[in-house]
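The values are calculated or read from the model by the stated rules, or taken from the named source; none is laboratory data. All figures in this text were calculated on a predicted structure; none of them were measured in a lab. Cβ coordinates were reconstructed from backbone atoms using ideal geometry, including for glycine residues, and neighbour counts include every protein chain displayed. In case anyone asks, the SASA skips ligands and DNA or RNA and just uses the protein heavy atoms, side chains included. Shrake-Rupley method; radii C 1.70, N 1.55, O 1.52, S 1.80 Å.
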Amino acid sequence: VTTLKEGDEIEAQVVSEENNLGQVLLSLKRAAMDARWDFFTDAMKDKTVLEAKGIDVNKGGLIVLVNGVRGFVPSSQFGKDLVGKYMQLKGQKIKVMAIEVDREKNRLIFSERHVSEAEEIAQKSQALEAVKVNEVYEGVVSGVMHFGLFVTVEVPVDPQAKEKDSAVGQVEGLVHISEISWEKVSHPRDYSSVGDRIKVRV
């Protein structure tokens with residue numbers, strides 16, 4: 001708690017230009033909230049890592065407290081180490097990044113995976129930029145659906161990297177059922193299974 005004394009410089013928001021006593025009404029609370037929204041807007045722009053404390057859980061994700069303000073981490077925004085385990089984070093502290101700041105809707109959304117999987121996300125962005133039409137890539141079948149095969153493709157992003165894993169980024173794409181074979185395909189499972197390594201052309 002901050003104690004104010006005469007002569008202190010403060011920031012306040014004007015609530016009313018004049019009340020019935022001829023006084024200007026100010027709000028410290030609103031000014032402080034304005035400063036906090038500015039803080040989160042800047043944090044999102046600068047991709048600042050913030051500390052969040054889990055305060056409650058619902059079916060959609062984790063409600064958190066960051067810099068004294070309530071926000072939300074959707075279940076889809078947890079990295080692979082915490083996905084499905086966020087229900088245990090009530091009372092725990094985690095590192096997050098702001099990914100949506102909307103003051104008008106009082107909406108503050110954070111992501112844990114943007115911190116824990118920052119390198120993979122950066123690699124995926126690099127891989128998407130590096131993908132070339134008509135190029136042949138190798139990948140692994142990650143899903144088999146009635147309409148086609150999902151394939152996690154390995155795209156070279158840094159030929160000079162010393163370690164092979166850091167030289168490639170992964171992008172998931174779809175091989176539509178019509179692109180699996182020249183012959184009529186009844187179901188993609190007749191051609192590939194999850195885990196199979198295959199070559200594909202973009």
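One residue stands out among those in segment 77-105 that are touching a residue at least 40 places away in the same chain (Cβ under 8 Å) and in contact with an Asp or Glu (Cβ under 8 Å, 6 or more places away or on another chain): the one that is least open to solvent (accessible area, probe 1.4 Å), which is 96. Only residues that are of a type outside the set (A, V, I, L, M, F, W, C) and at pLDDT 90 or above were counted across segment 144-172, and they come to 2. Whenever a residue of segment 144-164 is among the polar types (S, T, N, Q), its partners that are at pLDDT below 90 and open to solvent by 30 Å² or more (accessible area, probe 1.4 Å), lying with C-beta atoms within less than 6 angstrom and at least six residues away or across chains, give the pairs 152/142; 152/170; 152/172.
Output the residues belonging to segment 46-76 that are open to solvent by 30 Å² or more (accessible area, probe 1.4 Å) and either on the phi > 0 side of the Ramachandran plot or part of a helix (DSSP H, G or I) (or both). Matches in segment 46-76: 46, 47, 67, 68, 75, 76. Just wondering, is there one or more residues in segment 50-61 that are without any contact (Cβ under 8 Å) to a residue 12 or more places away in the chain and either of a type in the set (S, T, N, Q) or in contact with a strand residue (DSSP E or B) (Cβ under 7 Å, 6 or more places away or on another chain) (or both)? Looking through segment 50-61, at least one residue is without any contact (Cβ under 8 Å) to a residue 12 or more places away in the chain and either of a type in the set (S, T, N, Q) or in contact with a strand residue (DSSP E or B) (Cβ under 7 Å, 6 or more places away or on another chain) (or both).
Restricted to strands (runs of 3 or more DSSP E) entirely inside segment 92-199, no element has at least 2 residues that are of a type in the set (A, V, I, L, M, F, W, C) and on the phi > 0 side of the Ramachandran plot.
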